[in-house]
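Please treat every number below as a calculation from the coordinates, not as lab data. Here the structure is a predicted model, which means the values were calculated and not measured. Cβ coordinates were reconstructed from backbone atoms using ideal geometry, including for glycine residues, and neighbour counts include every protein chain displayed.
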Amino acid sequence: MLDDETPARAYLSAMDDTETERSVHAPLTPERLQALVHLTHDTIMVRDLCDRIVFWNRGAELRYGWTSQEARGRIIHELLETTFPATLDTIRQQLLAVGHWEGELQHSLRSGERITVSTRWALERDAQGEPCGILEINNDITARKQAEAALQQSEQRLRLAMRAARLLTWNWTRERGALEWEGNQELLAALRDRDGDIARPQALIHRIHPDDREFVQAAVRGSAVEAGYADVEFRLLTEGGKSRWWALHGRAEQNAQGVLTSATGVLRDITERRALQEQLLAAQRLEAVGRLAGGVAHDFNNLLTAILGLTEMAMMADATPTEVSESLGGIENAARRAASLTQQLLGFARKQMIAPRALDLDAELDRAQQLLRRLLPTNVSLTTVSAATWPVRLDPGQYEQMLMNLAINARDAMPQGGHLTIELSNVQVDAQFAARFPEVAVGDYVATVVSDTGSGMDAQVRDHAFEPFFTTKGAGTGLGLATCYGIVKQNRGTIWIDSQPGHGTQVNVYFPRAHEESIVPSEPSKPPESAIPDGLRGRTVLVVDDEEGVRRIAAAALRRAACTVLEASHGEEAVSIAGRYEGPIDLVLSDVTMPGLQLSDLVARLRAERDSLRFLFMSGYSENAIAHQGLLLPGVAFVGKPFTMDRLLNAAAAALREPEHS
């Protein structure tokens, strides 16, 4: 067993060389040596070759929490739950070979807390020179290791932030006269642009776009003179004659004499941000024109409804002269053409009332082929490619209209003939793709790609192609692609164009996948019927519309179907009439947007008195009253303006067949 003097002498030996030990510690008594060992804050332990603790100083008691009496006789590595940087056998071999070992260990305190220690081991030998024990001196470095880890983590976060923000730091001093750069290497390469000089300020200034150079120099001079900040965005020309956008933020420093001594700051690549800003501005311009088109179309639809209804009634009269009939027929045809134009305006404005459902675009494209072939001249061939696509939630009529508009646009781009291809495919958009096309979120889509071999578009035409009244063909209304844009956006899709002059055009349309089981096939429209639909005769209908012409036509059509009709010009009047009327009211035919009482309030107040009421709504567009972004809610009965008498009567009969409100 080692005596109390042994660890003291071993400790001092480990702390100094042999000559120092002989000269300084030779006169120390064992008592003084033991006192020194217990006074130190380092933890000093001695164990035998079986790792049983034989000495445990006061520093060890304070650090680990066990008293000397509790620690003695315990296996040290079991007591402290030691984690080694290498195997214990490897450490023992080094200790026996050279007599000492140093490293870092993880220990557990009595409280359960884990600490990191810097440790030094020395091999103790007996009088015959044989190993008899191991002296261990530990210094707690947990705080230092935590600080180092925190610093590394902070530096790593800074590097990641600089990379994500596409950020470079720069520094200039008068002594060096050159710019020093740090940051993302990829960004540095983009800034350098092959072998460009980025150390000399004048070399960089020379590469600034001529339109930006003057105000950049003015901003930098102002910062230097006033020793203040400079914040400026500008374009740097690249080797290929293109440019990238950069944002410079910096601060200049002066000495006591007002001489510029240094400047430092950051430089960010904002090319993608500027591109997004341009896209946003373009979208805002389209939205503004779309709102205007939607409002005009709404009022125009009310007039069209009156014209169509009067035309039909005049044509149905037995005593109508031939010439009057022909004239009224011309009015009807003109009104229908105007209605078609209105639908285009509404489609562009994204306020067209639609009834989307889960569609199989393969089947829709197959059904539309015959119509598309009739649109194309004989010198333009059509190829369609489909591949078991996922369902999408879409109005079939709008999809057909979109295909027609794109086909007509492609046809007009190929006056000498060519080839038109419409291809469907499933697309899984990942983060990398979404980064290139910010409007497309990560997810599953069904792509409709329409490509032609026509004349193509340059960048200027391509950037304005979706704007209303901007024609890509030099003639026409300029609503074809704008209508497609409205249809796609109304159905939460994305559309963009790839095209170059002389290399044709490819229009890419992505609709999000609909996770629905049942796909409802489209049915061809039925010819108008003149008979009164079943279940409509003898019913009482309350017609509510602020447009007198529409209200009169709807009431006249319903009276011809042997219905009792009550008329109201606004919501409050409708509530009043319903309250006074003593008989049953079977159906309320109401416009969606009227002054005064809101539609939801009208429904609630009428149903409070007559809970079995059924409703049929009519409108040219909706402002989220019964739909979100113009999408009909499931189960809502609706008839769009302009409507024919037969279409109105059939819609009313269908609404009456709906289950009663509960």
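Residues with beta-carbon under 11 Å from that of Arg552, excluding Arg552: net charge, scoring Lys, Arg +1 and Asp, Glu -1?
Charge balance in the 11 Å sphere: -2.
Quick check: the distance between the Cα centres of segment 50-107 and segment 249-266, to the nearest angstrom?
One Cα centre to the other: 56 Å.
Of Ala555, Gly535, Ala568, which is farthest along the charge dipole of segment 531-573 in the positive direction, counting Lys and Arg as +1 and Asp and Glu as -1 at C-beta?
Ranked along the dipole, the leading option is Gly535.
Pull out a ≥ b ≥ c, the square roots of the eigenvalues of the alpha-carbon gyration tensor of segment 383-431, then state rounded if a/c is under 1.5, prolate if not and a/b is larger than b/c, and oblate in the remaining case.
Prolate, because a/c is 1.5 or more and a/b exceeds b/c.
Given axes a ≥ b ≥ c from the Cα gyration tensor, I'd like to know whether segment 541-605 is rounded (a/c under 1.5), prolate (a/b larger than b/c) or oblate.
oblate
Net charge near Ser451: determine it from the other residues with C-beta under 10 Å of the C-beta of Ser451, scoring Lys and Arg +1 and Asp and Glu -1.
Neighbourhood net charge equals -3.
Using packing as a proxy for protection, rank 385-394, 170-179 so that the peptide with the highest average count of other Cβ atoms within 10 Å comes first.
385-394, 170-179
Rank-order 105-114, 481-490, 418-427 by packing density, defined as the average count of other C-beta atoms within 10 Å over each peptide's residues, highest first.
481-490, 418-427, 105-114
Hey, can you rank 199-209, 136-146 by average C-beta count inside 10 Å, highest first?
By packing density, highest mean first, the sequence is 136-146, 199-209.
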